[in-house]
Each structure stands twice: as C-alpha cells, then as structure tokens.
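The values are calculated or read from the model by the stated rules, or taken from the named source; none is laboratory data. Keep in mind it's a predicted model, so treat the numbers as computed, not measured. Calculation scope for accessible area: heavy atoms of the full protein, side chains included, ligands and nucleic acids excluded. Shrake-Rupley method; radii C 1.70, N 1.55, O 1.52, S 1.80 Å.
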Amino acid sequence: MTQKSLPEVLAPAKHFTVQLSATRRGARLTRLLTERQLDDWGIPFAAHATQVVAELASNAVLHGRVAGRDFRLGLRLVADRTLRIEVTDARGDRVPRVHDPVSGDAESGRGLLIVAAYADRWGVDEASAGCKVVWAELGAPGRDGP
C-alpha cells in the first residue's frame, strides 16, 4: 500500500456524465464527447480511453438497448490519475463476457478483448431499475501501482 500525499487526498475527483439515446449516433457521440472532456482534463492516455468508451458504448447500443430507454456515460478522474469509465444500459439481464477468439473475418466479437487490452481492470455491476453498469479503469502510464 502506498501513502498518498495530502494534496492527492484533498484533490477532488473530476466528473463528467451524459445521457444519450441508445442509437448508433449516440454511441458515436460518446466518443466525441469523451475526446473533448479528456482533452480538457489534460489526460495523456486519451486515445486508449476513447477506444474503451467507443467499445462500451457500442455494446450498450447493440446488446443493452431497450426501446425508449437511453444509456449513460460517466467519466471520473481521481487524484492518482486513474480514469474510471462507466456505461450504464437498460439490459441488466445481459451480462457481457469475453468469448473465445473470433475468426479473422468476423465483423464483431472483439470489443471486450479491446477493453481488456487497454484497461487495467474492467467489470460489470448491477444498477437500479434492471440496468447494468459496465466499467473500466485506466491508470496513467508510468504512475505508481497500488
């Protein structure tokens, strides 16, 4: 366990949350909004984070969509420069899993493999109203580990 300095403990986390339509357009918009927000925060690993957001948002639209319900993107940057990405969708009954490797010409099936490659850790939590939150955490390159 590492000790944190007083400024790290007192530094507030930065938050960004937006609710979007569960459509392909909404999924594309999450990537653009993430790029802009992470640029504002000065995140050096924004390209990896936006790729994770794109995959999670795409999965929310493709596999977590319920007619008339939106999905939500949440970003939280904490003092140790860990970025937590959360995508909440309306299908709590569909828990994502990494499947066996897909064939080279398959058009889908690689999203969570990409998330796992870029994220330090990821998972799924239950949310209210039958929803689920798929989250991923990315640490700043070169930061001290836990």
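Computed from backbone phi with θ = phi - 60° and the Karplus coefficients 6.51, -1.76 and 1.60, the 3J(HN,Hα) list for the range 13-28 is 6, 9, 10, 8, 9, 8, 9, 9, 5, 7, 10, 4, 5, x, 5, 5 Hz; x is used for glycine and proline.
Using a probe of 1.4 Å on the protein chains alone, the accessible area found for Glu86 is around 60 Å².
For Leu113, the accessible area of its heavy atoms, probed at 1.4 Å with every protein chain present, is near 80 square angstrom. Solvent-accessible area assigned to carbon and sulfur over the range 33-81 amounts to 44 percent, based on a 1.4 Å probe.
Amide hydrogen proximity for Asp120: with H placed 1.01 Å from N in the peptide plane, the residues at 5 or more positions away or on another chain lying under 5 Å are Glu137, Leu138, Gly139.
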